[in-house]
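> Pasting a structure here, questions to come.
The values are calculated or read from the model by the stated rules, or taken from the named source; none is laboratory data. Treat the numbers as computed from the prediction; the structure is a model and nothing was measured. Because the Cβ atoms are built from the backbone with ideal geometry, glycine has one as well, and the counts that use them run over all protein chains shown. Remember, those area values only see protein heavy atoms, side chains included, never the ligands or the DNA or RNA. Shrake-Rupley method; radii C 1.70, N 1.55, O 1.52, S 1.80 Å.
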Amino acid sequence: MERPARLCGLWALLLCAGGGGVAAPAEPQPPVTNLSVSVENLCTVTWTWNPPEGASPNCSLKYFSHFGNKQDKKIAPETYRSKEVPLNERICLQVGSQCSTNESEKPSILVEKCISPPEGDPESAVTELQCIWYNLSYMKCAWLPGRNTNPDTNYTLYYWHSSLGKILQCEDIYREGQHIGCSFALTKVKDSSFEQHSVQVMVKDNAGKIRPSFNIVPLTSHVKPDPPHIKNLSFQNGDLYVQWKNPQNFYSRCLSYEVEVNNSQAETHDIFYVEEAKCQNSEFEGNLEGTICFMVPGVLPDTLNTVRIRVKTNKLCYEDDKLWSNWSQAMSIGQKANPTFYITMLLIIPIIVAAAIIVLLLYLKRLKIIIFPPIPDPGKIFKEMFGDQNDDTLHWKKYDIYEKQTKEETDSVVLIESLKRASQ
């Protein structure tokens, strides 16, 4: 009897353990209340809500939220959510409550709140609104007028970023062809997280007849440096060493380079892409403080070589690596070709051409006869054959006529005498 009792006790223990190991599914919590939306600055949209009524006291409330089409999901304990979004389209946020940060847990019924785009004809809003941060010193924004707008529309650009206490208006409006733009100062703040923020931009007209257009420009993209400045060119062991100074406000590790070398004699056009500029020669790297050095191999020193450089940001420090700076001012090194030969040729060639023209004019008639020989005149040929006769020929013609006439007279006399005799 002792053994069956032990088995029954073990079986009961397993049942108790199994029952305690299976968690009952959590019941969905009530939905959040008083969901509202507001806009701060230009493009900062904030949704706020209150905790659900009648939530379980044992539940540590978390809030599940996402934008339309289930984008950008987030589970957090805060009763608000903010996001920088351009207000050119309708934007909706859905919020629900749950008891954990587990996405597999079924949240409460989702409550949705949307913000509509600004009023006005969408065809009147400006298009292709783009901004570029030049050399981390100023930002230039440009756009095209909308389709349903008056050509004389006066535009105004407003901007805001985290270092400003209020929204500012851009004063430097300009026109370049069909594009309209405005530039404003935007200086990089050192030792801060300034570059992790964005610049919010809005363009509208003064009369309020067009629909406002918004854009958000991350400060880690759309950055265009100034061109570098070439400081020195030198030859050593058949290699060309190029030293230049980077544009201000940039670290060398945040830039990539292109070095262009043009050889006047060989008429070559070589471009070297440089990600890490080092000469591997302490002599050149230490000559000029704060300069960058690069070695171009296999350059002939007895020819004229012209060098230009341009730079762009790389993805080590920035999200965008597409905007190259303008080319730097060119610098040349090497021996120029001797101009005596070219000057001599410039003098000799016109003389040779003039002499050839004179000779051609002198022998043009003979050349014409050779190329186009004259066609014989048949009338002249017959005239020479029958028309031009000498005195002897005329004499013999007269003699033949006289002889013919004498013969005819003699024959007539003989005929008359014969007729007389016959009549007798």
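> Hey, can you grab everything whose amide H is under 5 Å from the amide H of residue 324? Only 5+ residues off in sequence or another chain; H modelled, so Pro and N-termini drop out.
none
> Could you state the per residue volume, in Å³, of the convex hull enclosing the Cα atoms of the range 226-333?
Per residue, the Cα convex hull of the range 226-333 comes to 94 Å³.
> Could you sort out which of 188/231; 74/113; 73/106 sit more than 18 Å apart by Cα distance in this structure?
In this structure, 188/231 exceed 18 Å between Cα atoms.
> Right, here's the next one. Going from most exposed to least, what order do 166, 204, 209 have by accessible area with a 1.4 Å probe?
Accessible-area ranking of 166, 204, 209, largest first: 209, 166, 204.
> Fully extended, how many nm does the chain gain between residue 321 and residue 206 (0.36 nm per residue separation, minus their Cα-Cα distance)?
Value of the extension gain: 37.8 nm.
> For the range 114-124, just list the computed ³J(HN,Hα) in residue order, Karplus coefficients 6.51, -1.76 and 1.60, θ = phi - 60°, integers in Hz, with x standing in for Gly and Pro.
10, 10, 8, x, x, 6, x, 6, x, 6, 8
> Please list the non-local residues whose amide H lies under 5 Å from the amide H of residue 255, H modeled 1.01 Å from N, same-chain partners needing a gap of 5 or more.
314
> Of 219, 118, 95, which is farthest on the positive side of the dipole of the range 79-228, counting Cα position, with +1 on Lys and Arg Cβ, -1 on Asp and Glu Cβ, and the Cα centre as origin?
Looking along the dipole axis, the top candidate is 95.
> Give me D for the range 33-115 in µm² s⁻¹, whole number, from Stokes-Einstein with Rh from the Kirkwood sum over alpha-carbon pairs, 10 °C and 1.306 mPa s.
The estimated diffusion coefficient comes to 120 µm²/s.
> Here's another thing I want to ask about it. Which trypsin sites (Lys or Arg not before Pro) from the range 74-124 combine a DSSP loop assignment with at most 12 other Cβ atoms within 10 Å?
Qualifying residues, ordered by number: 90.
> Still on this structure: Explain nothing, just the number: relative contact order of the range 206-263, from Cα pairs under 8 Å at least 6 residues apart, as a whole percent.
Rounded, it is 23 percent for the range 206-263.
> Show me, bin by bin at 10 Å from 0, the whole-percent P(r) of the range 59-196 based on Cα pairs.
Reading the bins upward from 0: 9, 27, 25, 23, 13, 3, 0.
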